[in-house]
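Asker: Could you have a look at this structure, given as structure tokens, before my questions?
Just so you know, all these numbers are worked out from the coordinates, no wet-lab data involved. From a predicted model like this one, the values you see are computed outputs, not experimental measurements. Methodologically, a virtual Cβ is constructed for each residue, glycine included, from the backbone with ideal geometry; neighbour enumeration extends over all protein chains shown.
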Amino acid sequence: MPEILIADDHPLFRDALSRAAAQALPAVDLFQADSVPALLALVESHANADLLLLDLQMPGARGFSALAHLRGHYPQLPVIIVSAHEEADVARRALAHGAAGYVPKSMAGENIVEAIHAVLDGEVWLPSQLSGGSAELRGNEAMLAGRIAELTPHQFRVLGMVADGLLNKQIAYELGVSEATIKAHMTAIMRKLGCNNRTQVALAASQLTLDPGNVIAVDE
């Protein structure tokens with residue numbers, strides 16, 4: 001039986017996506033996550049899922065970082081972004097980061113059904129008002145996305161918490177591990193992202209936000 005994963009932090013919209021998925025595939029197993037940490041655990045336990053419906057704005061990630069991480073670890077998993085953002089630029093960046101479709105949350109359920117059918121058939125789906133133009137990434141964005149894809153799931157969780165301003169001691173408490181373990185993760189994160197300190201790590205995480213004004217340079 002096909003498996004579809006649904007990741008959104010709003011219960012009502014998870015329900016709406018579930019209904020659309022069930023309409024697209026009457027015989028389907030649906031699995032939900034309400035945060036990026038929950039999503040990472042879900043994808044790990046359902047690595048052969050047929051499709052992921054992913055909200056860009058969820059606790060534990062910023063902008064396209066979760067998409068970049070998942071595409072690096074699960075390139076076989078098609079991802080449809082379902083977002084409140086309706087800008088064509090955001091949709092094209094999502095495709096450039098490896099999404100197979102982009103659905104604004106304002107669209108009707110039948111549009112989500114159409115997108116699911118198209119992506120499962122191997123196509124790329126965009127609503128007509130967002131189509132056209134090239135799917136390109138700015139500056140160092142592609143390079144940083146590649147580096148984020150190299151992070152382990154644990155390192156990616158730590159990165160999200162650093163971006164949220166948490167200290168090592170707070171992260172250790174939240175994850176139930178020692179502060180020494182977090183320091184080891186931070187060392188690996190800085191090496192993989194090409195950063196020299198914690199501030200650079202937090203700034204690098206902001207490069208994949210949806211606001212182009214937040215994009216900063218990362219050392220080559």
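Asker: Can you tell me the alpha carbon radius of gyration of segment 28-135 divided by the globular rule-of-thumb value 2.2 N^0.38 Å?
Answerer: 0.99
Asker: Let me ask something else about it. Among T209, T187, which comes first, then next, by fewest other beta-carbon atoms within 10 Å?
Answerer: By the 10 Å Cβ count, ascending: T187, T209.
Asker: Starting at the first residue of segment 5-18, write each ³J(HN,Hα) from the Karplus equation 6.51 cos²θ - 1.76 cosθ + 1.60 with θ = phi - 60°, in whole Hz, x for Gly and Pro.
Answerer: 3J(HN,Hα) across segment 5-18, in whole Hz: 9, 10, 10, 7, 8, 9, x, 5, 6, 4, 5, 5, 5, 4.
Asker: Tally Lys and Arg at +1 and Asp and Glu at -1 over the other residues with C-beta under 12 Å from the C-beta of L167: what net charge comes out?
Answerer: Here the charged neighbours net out to 0.
Asker: Could you let me know the centre-to-centre spacing of segment 96-130 and segment 136-186, using Cα atoms, in angstrom?
Answerer: Using only Cα atoms, the two centres lie 30 Å from each other.
Asker: Build a GNM of the chain with springs between Cα atoms under 10 Å: which of V177, V103, V162 gets the top mean-square fluctuation?
Answerer: V177
Asker: Using every Cα-Cα pair within the chain, state what percent have a distance larger than 21 Å. Before the final figure, lay out each step's value.
Answerer: Details: 12748 of 24090 pairs.
Counting pairs separated by more than 21 Å, the tail of P(r) holds 53 percent.
Asker: When the helices in the chain are scored as -39500 (n - 2.57) per DSSP H run of 4 or longer and the sum is shared across all residues, what 222 nm value do you end up with, to the nearest 500 deg cm²/dmol?
Answerer: Result for the chain: -14000 deg cm²/dmol, rounded to the nearest 500.
Asker: Contour minus end-to-end for F13 and A38, with contour as 0.36 nm per residue of separation and end-to-end as the Cα-Cα distance? Mind dumping the intermediate values first?
Answerer: Values: separation 25, 0.36 × 25 = 9.00 nm, distance 1.66 nm.
Working it through step by step, the gained length comes to 7.3 nm.
Asker: Kindly identify segment 141-214 as rounded, prolate or oblate by the Cα gyration tensor criterion: order the square roots of the eigenvalues as a ≥ b ≥ c, call it rounded if a/c is under 1.5, otherwise compare a/b with b/c, prolate if a/b is larger, else oblate.
Answerer: Cα axes put segment 141-214 in the prolate bin.
Asker: What's the ranking of 67-74, 46-53 by average number of surrounding C-beta atoms within 10 Å, highest first? Spell out each step's value before the answer.
Answerer: Working: 67-74: 21.6, 46-53: 19.0.
In decreasing order of mean packing, 67-74, 46-53 become 67-74, 46-53.
Asker: Additional query: Could you sort 145-152, 22-29, 115-122, 77-84 so that the peptide with the highest average Cβ count within 10 Å comes first and the rest follow in order?
Answerer: 77-84, 145-152, 115-122, 22-29
Asker: In addition: What Rg and what Dmax come out for segment 147-186 when only alpha-carbon atoms are used, in angstroms?
Answerer: That works out to 9.4, 26 Å for Rg and Dmax.
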